Every structure is written in C-alpha cells, then in structure tokens.
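The values are calculated or read from the model by the stated rules, or taken from the named source; none is laboratory data. All figures in this text were calculated on a predicted structure; none of them were measured in a lab. Here the Cβ positions follow ideal geometry from the backbone for every residue, glycine too, while neighbour counts run over all protein chains shown. Heads up: the accessible areas ignore ligands, DNA and RNA and are worked out on the full protein's heavy atoms, side chains in. Shrake-Rupley method; radii C 1.70, N 1.55, O 1.52, S 1.80 Å.
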Amino acid sequence: GEKFDFYHSSKGGFAVRDGKLEPVGEEGEFKAIYRDGGSTIQAVSVDIYPGESGQINSGIYIGTSTVEDGVDRIKGLVVMVESSFSGWDDAVNRIDLVVGRFPIWKELHRCTSETGNGNALFAGAKEPLNLSVFLDGNTLTVKLSLISNPEKFVTTTYTYNGATELPTHNVGLRSAFNDAAF
C-alpha cells in the first residue's frame, strides 16, 4: 500500500503477475522499501520464485534509511540469496546466504550450503524458496527453506557489530540481475 516505495536502477520497474511481484524491463537492480519509522520489526519473510534462468540474486533489506535509484545508493543491511552464477558450473545446486551492507557494497557474512553432492535444498531444478530473517537485538537469524517442503532448510546467524544499533524498521525487497519473483 501507501507505505511501499518502489525504486529501480534500470529501465522498467515492478509488475504484479500471477499473484507475484516481479521486476520487469532491462536487467538491473530493483528495490521495494516498506517505510514505517514508528514500527519495530522482529521478523520479515518473503517467498522467492526462481525465473527461467534459475538464477537468484534476491533478498531482504533491513533498516534502510536512504533509498535512491542507483545500485549502491541505499543505506542499510541486506540479506541475499545467491545461486546459479557463472563460475559455479561445478556447483550448479549451490545456494549462498549473504549478509552485506550498503552504501558501497561490503560483504559481512556468507553461508555456503553447497556440499559435494549438492545441498539440502536443490538437487536439480530450482524450486521456490522462503527467506526469513528474525531480529533479536543485533543478531540476525536467517532461514532459507523450500516452500514445497519447509523441513528442508539452511540457517545461519550473524551478529551485527556496526557503530550504531541495528535499525529495526524500513524493510524491503531487492532483486539484482535476475528474473526471480516475490
């Protein structure tokens, strides 16, 4: 509704198709931010549907304070799901959970779920996933599970050690260079 702001750094934007929010237009970064400075968010969750490419580079913004068009023109943390990147040919089923911060991207934490025989989530075709982030003080607990079978999941924990307290308002969605939908 009125508390969601949509931003993008490419030609296009977001569209609702078949009940899903998806980036449309040229490849680039797409942001949707829910602004509510008076709220305290303790958990946020989104379903991610891989597109035809199978590539996922999507996630959840946490504590965003500044948002503008442009790939690095946001201030806040992001929890991302990454899969099917070039150079991962030997790990086609690999999924990484990544915590990072903007502006000027800095990776803070990475959990690689790949094992020698693939990971617990994918064993071939990419399936829809649920990404959930739970906030407790400065600790983020991240869970990635299959929508079809929530008992199959990967979790990781990250403790934010920034100069200021972790903001617990203004969350959002991020999609970069992929055709995944939310």
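Would you confirm, using the coordinates I've provided, whether residue 179 is closer than 15 Å to residue 82 by Cβ and modelled with pLDDT under 90?
Spelling it out, residue 179 is indeed closer than 15 Å to residue 82 by Cβ and modelled with pLDDT under 90.
Quick one: in the stretch 103-131, of everything that is in a loop (DSSP other than H, G, I, E, B) and surrounded by 15 or more Cβ atoms within 10 Å (Cβ to Cβ), which residue is modelled with the highest pLDDT?
It comes out as 127.
Before we move on, is residue 141 at pLDDT 90 or above and touching a Cys at 6+ places or on another chain (Cβ under 7 Å)? Don't jump to the end; show me each part of the working.
Working: at pLDDT 90 or above: yes; touching a Cys at 6+ places or on another chain (Cβ under 7 Å): no.
Here the answer is no, as residue 141 does not meet what is asked.
Out of the residues in the stretch 24-56 meeting the condition of being modelled with pLDDT under 75 and among the charged types (D, E, K, R), tell me which one is surrounded by the most Cβ atoms within 10 Å (Cβ to Cβ).
Going through the qualifying residues, I end up with 29.
Among the listed residues 59, 63, 100, identify the single one that is at pLDDT below 85, open to solvent by less than 10 Å² (accessible area, probe 1.4 Å) and in a strand (DSSP E or B).
Working: 59 fails: at pLDDT below 85; 100 fails: at pLDDT below 85.
Residue meeting the stated conditions: 63.
If you go through the stretch 66-84 one residue at a time, do you hit one that is among the hydroxyl-bearing types (Ser, Thr, Tyr), modelled with pLDDT under 75 and more than 16 Å from residue 175 (Cα to Cα)?
Yes, there is a match, as at least one residue in the stretch 66-84 is among the hydroxyl-bearing types (Ser, Thr, Tyr), modelled with pLDDT under 75 and more than 16 Å from residue 175 (Cα to Cα).
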